[in-house]
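K.L.:
This is the structure, below, for whatever I ask next.
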There are 2 protein chains.
Amino acid sequence: MQIAILLYDQVTALDAVGPYEVLSRFPGARTVFVGEKLGEVRTDIGTLGMTVDATLDEVLRPDVVLVPGGIGQQQHMLDGQVHEWLRAVDEHTTWTTSICTGSLILAAAGLLTGRRATSHWVRRDDLARYGAVPMHRRVVFDGKYVTGGGVSAGIDMALTLVDLMGGSELAQAIQCGIEYDPHPPYDAGAPDKVDPAIVAQLLTYKDVIF
Amino acid sequence: MQIAILLYDQVTALDAVGPYEVLSRFPGARTVFVGEKLGEVRTDIGTLGMTVDATLDEVLRPDVVLVPGGIGQQQHMLDGQVHEWLRAVDEHTTWTTSICTGSLILAAAGLLTGRRATSHWVRRDDLARYGAVPMHRRVVFDGKYVTGGGVSAGIDMALTLVDLMGGSELAQAIQCGIEYDPHPPYDAGAPDKVDPAIVAQLLTYKDVIF
């Protein structure tokens, strides 16, 4: 099983690495980080470089494709090489997936038209502009299209996918292997769980970091 | 505030990227990925390259140092450049931290002697061999030494650190910003939460992946 994870400049690192850490442990999985150009991309914060190991035209039949989000997503909303590649590989994928604002790229490429999908909560409703049906959920399945919420949601999305593909024992083994027993200091991971002032503050960064 | 994250070949990506995604959002933080040599390291699974942007001798006074784990940790258990650097920077850090088996490197460098610490559950008890006091907890504080459990525990560790350094509003804002509202399909993130057969299976991989 080949899993292709798209990288581009200003991607959010955890969007890609969360699911990578889960899906790469699936028996027989071969993960490949793909992009328009070989070599390094820099993440949204700018202080981490990650390597594109294969160009888009070198990865033609991935079984799973995953599109992470990040502020750089805004550079991939017009049709072009990335959209063409997504539409082409989607014809053969078992699962076409995204995390965070990666779903906006999938939607702009025409792959989520009329489908239920999610995104980072700050950008979720923007999906409607591109023909998708925004759902206020952390992981949304619509046929083979699987979209996850913001940044860290990729871990849950990937574990859910492993559960479907390989069964509950495998999903639990991988979860236990990466010791994913979350205990954040606060229950503050969604906008309805924090003070409205925090939500308002985060929304002021909407065009800068999401 | 400078945050130095150590990279080395066969590091576990999420060990580094989980805390990076949280700590880099701390106002005024400058994160730098450091290593013995500039350029790319490959992660434990081998299919992701991450970039070392500064050599150890270029980062002499980080405020926070973070040592991730991964199978490559086993190559850094003998004294040498990495241990010397850790001891030198530790003299000035506000926080000296690790995730997963990174704590074994800190302990081998002599920085956790007599201190309470944690690690990946598969390797936790090994800490005693290097003079630390193993604790079966996800995040352990002992003075300025903060150690996290396996792989994904770095997100919780980093949020706890942000809470201490910047207060609860900031910790909640960052948590909400990365939408860390965990909903894994199973409650299976620790060895006492899964079938003993799964634990036994994971332990057979002990020397290969942990």
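K.L.:
Tell me which trypsin sites (Lys or Arg not before Pro) from region A:1-100 have a DSSP coil assignment and no more than 12 other beta carbons within 10 Å of their own.
P.N.:
A:Lys37
K.L.:
Follow-up. How many nm separate the modelled label positions at A:Val32 and B:Glu169, each set 7 Å beyond the Cα in the direction of the Cβ?
P.N.:
Using points 7 Å along Cα→Cβ, the separation is 4.9 nm.
K.L.:
Place a +1 charge on the Cβ of each Lys and Arg in region B:2-182 and a -1 charge on the Cβ of each Asp and Glu, then give the dipole magnitude about the Cα centre in debye, rounded to the nearest 20.
P.N.:
It works out to roughly 420 debye.
K.L.:
Also, I was wondering about something else. Report the residues of region B:127-141 in range of a label on B:Lys193: point 7 Å along Cα→C-beta, backbone N strictly under 16 Å from it.
P.N.:
Output list for this probe position: B:136-139.
K.L.:
Amide H to amide H under 5 Å from B:Ala117: which residues, 5+ apart in sequence or cross-chain, H placed 1.01 Å off N in plane?
P.N.:
It is B:Val133, B:Met135, by chain and number.
K.L.:
Assign unit charges at the C-beta atoms only (+1 for Lys and Arg, -1 for Asp and Glu), then state the dipole size of the protein assembly as shown relative to its Cα centre in Debye, rounded to the nearest 20.
P.N.:
I would put it at about 400 debye.
K.L.:
Would you kindly derive the ³J(HN,Hα) couplings of region A:69-77 from the backbone phi angles with the Karplus curve 6.51 cos²θ - 1.76 cosθ + 1.60 (θ = phi - 60°), listing them in order in whole Hz, with x for Gly and Pro?
P.N.:
3J(HN,Hα) across region A:69-77, in whole Hz: x, x, 4, x, 3, 5, 8, 10, 9.
K.L.:
Once the dipole of region A:2-184 is set up with Lys and Arg at +1 and Asp and Glu at -1 on Cβ about the Cα centre, which of A:Gln2, A:Val82, A:Gly102 lies farthest towards its positive end?
P.N.:
Checked the options; the winner is A:Gly102.
K.L.:
For B:Leu203, place a label point 7 Å out from Cα along the Cα→Cβ vector, do the same in each other copy, and report the separations in nm, one decimal, smallest first.
P.N.:
Nearest first, the other copies' label points are 5.2 nm away.
K.L.:
Give the value in nm², to one decimal: projected area of the alpha carbon convex hull of chain A, averaged over all directions.
P.N.:
Reported value for the Cα convex hull: 11.2 nm².
K.L.:
Further question on the same structure: Could you give each residue of region B:131-142 its phi-based ³J(HN,Hα) in whole Hz, using Karplus coefficients 6.51, -1.76, 1.60 with θ = phi - 60°, and x for Gly or Pro?
P.N.:
x, 8, 10, x, 10, 8, 9, 6, 9, 10, 9, 9
K.L.:
What are the nm distances, shortest first, from B:Gly46 to its equivalents in the other copies, labels at 7 Å along Cα→Cβ?
P.N.:
Computed spacing set for this position: 3.6 nm.
K.L.:
Shape call for the protein assembly as shown from the C-alpha gyration tensor, a ≥ b ≥ c root eigenvalues: rounded (a/c under 1.5), prolate (a/b greater than b/c) or oblate?
P.N.:
It comes out prolate by the Cα gyration axes.
K.L.:
For chain A, what does -39500 (n - 2.57) per DSSP helix run (n ≥ 4), summed and divided by total residues, give at 222 nm, in deg cm²/dmol to the nearest 500?
P.N.:
That comes out to -9000 deg cm²/dmol.
K.L.:
Oh, and also: Let's test the formula: R0 of 35 Å, r as the Cβ-Cβ distance of A:His136 and B:Ala88. What FRET efficiency results, to the nearest 0.05?
P.N.:
Result of the calculation: an efficiency of 0.10.
Bear in mind that the values in this text are calculations on the coordinates, not laboratory data. Remember, predicted model here, so these are calculated numbers, not experimental data. Cβ: placed from backbone, ideal geometry, glycine included. Neighbour counts: every protein chain shown.
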